[in-house]
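S.K.: To start, I am sharing the structure in question, which I have written as structure tokens.
Values in this text are rule-based calculations from the coordinates and carry no lab data. Only a predicted model underlies this, so the values are computations on that prediction, with no experimental measurement involved. No Cβ is skipped: glycine too gets one built from the backbone with ideal geometry, and neighbour counts run over all protein chains shown.
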Amino acid sequence: MAKRGLRLGLCTGGGDCPGLNAAIRGVVLHAELSYGMEVYGIRDGLTGLSQGSSGVERLPVARVEEILTRGGTILGTNSQGSPFRDKAAAQRHIAAIKAAVARLKLDALIVIGGDGSQFMAKQLVTAGLAVIGIPKTIDNDLVGTEQTIGFATAVDITTEAACRLGSSGEAHNRVMILEVMGRDAGHIALATAIASGAHAALLPELPFALDTVVGHLRAAQKTGQRGGLIIAAEGAHAFGGDPVFRRSVSGSLLLGGIGAQVAAMVYEAMGIEARSTVLGHVQRGGTPNPADRILASSFARHAVDLAQQGAFGRIVGIRRGRASETSYASITEKRRTIDAADPMLQTVEALGTTLGRPSTSNKRRR
Ligand code: F6P
């Protein structure tokens, strides 16, 4: 009797990002066409599985053929925080997921997710399930990979916004502040500052000194430049200050508001009009750019190959531009922030963008 292909469960978890559907498509196409596997889509992340099997659908090739360029995720997702937080709840969820996996006769799970989903997946691996991870998040802050699905498109969006703000600021002689996502990692802000030629990049990893930023803007104005452009990561904060939070409508605490604070500080220090724009979820929605379509497709291909080889318990990734893998056993809840030796920090400063480090000599712009 011919050996049947594997039955894979596939889900997307955490905040959405451009490229999730491209990854789903890649998994289904390669699994079915290359190996005769069957893929079952799990609705709303891993928690969907722990809440019963009603949210599980067979994903044939025909269902995914047209989704390469579509934003969001056809499987839905869930970013309400981990249901695994306390020990008792985690045990309950893990038992429910194991029961659902057995009932659905799934041989393995492929989890497309960020740090929260991958940390939950790690606990499933510890509990004996066969899991393979695919890293995604616009924040690009997962350990074990240099790039995650969604980051490249987010930077396209933030860069376009920054350049538009820059020209408006120049027209009105205003300092424009763009607040971008990233939680406690500044990858989006740093890349956006380089790609837009901003005057300043404020990163969560490097508390800024307002004097340095203002000195830099003044120096630029002295050369005849009008306006100014500052990219502020949502987790950035001044020396001696704390990250700024606001409350969502449901009462949860979210990072956000540093842009408006910087605008007020700049106005007070320079007497020049300053405006802040918060890009928000525009950064996460919509079609993935080609780089993210390629990354998502490559990660999907790699994950399915690992499943076929029976090499479970790993998260795929990219290191030095090549496909790589990280074992779930080695991951923690720690996120990948910008480290002091990141060459992108040297690049941004070499090109005249201040990071607001205290008492740094400001490179003159133009
Ligand atoms: O993890 C991605 C991210 O976009 C963060 O940069 C941001 O702080 C957060 O999600 C917001 O998520 P939500 O509004 O879904 O809670």
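S.K.: Restricting to Cα pairs below 8 Å that are 6+ residues apart, what does the relative contact order work out to for the chain? Please round to a whole percent.
M.R.: Rounded, it is 22 percent for the chain.
S.K.: Next up: Need the list of lysines near residue 122 for cross-linking: C-alpha distance under 17 angstrom, and skip anything on the same chain fewer than eight residues off.
M.R.: Within the straight-line limit of under 17 Å, residue 122 reaches these lysines: 87, 98, 136, 334.
S.K.: Output the Cα-based Rg and Dmax of the chain in Å, rounding Rg to one decimal and Dmax to a whole number.
M.R.: Answer for the chain, Rg first and Dmax second: 22.3, 81 Å.
S.K.: Quick check: the angle from helix 258-270's long axis to the longest principal axis of the chain, C-alpha only, nearest 10 degrees?
M.R.: 10 degrees
S.K.: Let me check I've understood the local charge: for residue 244, count other residues with C-beta under 10 angstrom from its C-beta, Lys and Arg +1, Asp and Glu -1. What total comes out? Numbers along the way, then the final one.
M.R.: Numbers: positive: 246; negative: 179, 234, 242.
My count for the surroundings of residue 244 gives -2.
S.K.: Next question, about the same structure. What translational diffusion coefficient, in µm²/s and rounded to a whole number, does the Stokes-Einstein relation yield for the range 201-338 at 25 °C and a viscosity of 0.890 mPa s, taking the hydrodynamic radius as the Kirkwood radius over Cα pairs?
M.R.: Here the translational diffusion coefficient equals 130 µm²/s.
S.K.: Please order 211, 242, 292, 16 by the number of other Cβ within 10 Å, starting at the fewest.
M.R.: If I rank by nearby Cβ atoms, fewest first, I get 242, 211, 16, 292.
S.K.: Restrict the search to the range 117-211; then list the chymotrypsin sites (Phe, Trp or Tyr not before Pro) that DSSP places in a loop and that have at most 12 other Cβ atoms within 10 Å of their Cβ.
M.R.: Within the range 117-211, no chymotrypsin sites (Phe, Trp or Tyr not before Pro) qualify (loop, at most 12 other Cβ atoms within 10 Å).
S.K.: Continuing with this model, one more query. What are the ³J(HN,Hα) values, in whole Hz, obtained from phi via the Karplus relation 6.51 cos²θ - 1.76 cosθ + 1.60 with θ = phi - 60°, for each residue of the range 187-198 in sequence order, with x given for Gly and Pro?
M.R.: Result, rounded to whole Hz: 4, 5, 5, 5, 5, 5, 5, 5, 6, 10, x, 5.
S.K.: Something else: Rounded to whole Å and ordered largest first, report the semi-axes of the equivalent ellipsoid of the range 278-366 derived from its Cα gyration tensor (root of 5λ).
M.R.: Largest first, the range 278-366 gives 36, 18, 13 Å.
S.K.: Moving on to the next point. Given springs between every Cα pair under 10 Å in a Gaussian network model of the chain, which of 43, 85, 70 has the largest fluctuation?
M.R.: Checking each option, the largest mean-square fluctuation is seen for 85.
S.K.: Taking just the C-alpha trace of the range 20-132, give me its Rg and Dmax in Å.
M.R.: Just the Cα atoms of the range 20-132 yield Rg and Dmax of 13.9, 41 Å.
S.K.: Let me ask another. If you project the alpha carbons of the range 219-259 onto their three principal axes, what span does each projection cover, largest first, in Å?
M.R.: Its Cα atoms span 47, 24, 9 Å along the three principal axes.
S.K.: Same structure again: Let me make sure I get this right: for the range 24-72, a, b and c are the square roots of the gyration tensor eigenvalues over alpha carbons, sorted descending. Under 1.5 in a/c it's rounded, otherwise prolate if a/b > b/c, else oblate. Which is it?
M.R.: On the way: a/c = 2.55, a/b = 1.45, b/c = 1.76.
Taking the square roots of the gyration eigenvalues as a ≥ b ≥ c, the range 24-72 is oblate.
S.K.: How long are the three semi-axes of the equivalent ellipsoid of the range 2-43, in whole Å, if each is the root of 5 times an eigenvalue of the C-alpha gyration tensor, listed from largest down?
M.R.: 23, 11, 5
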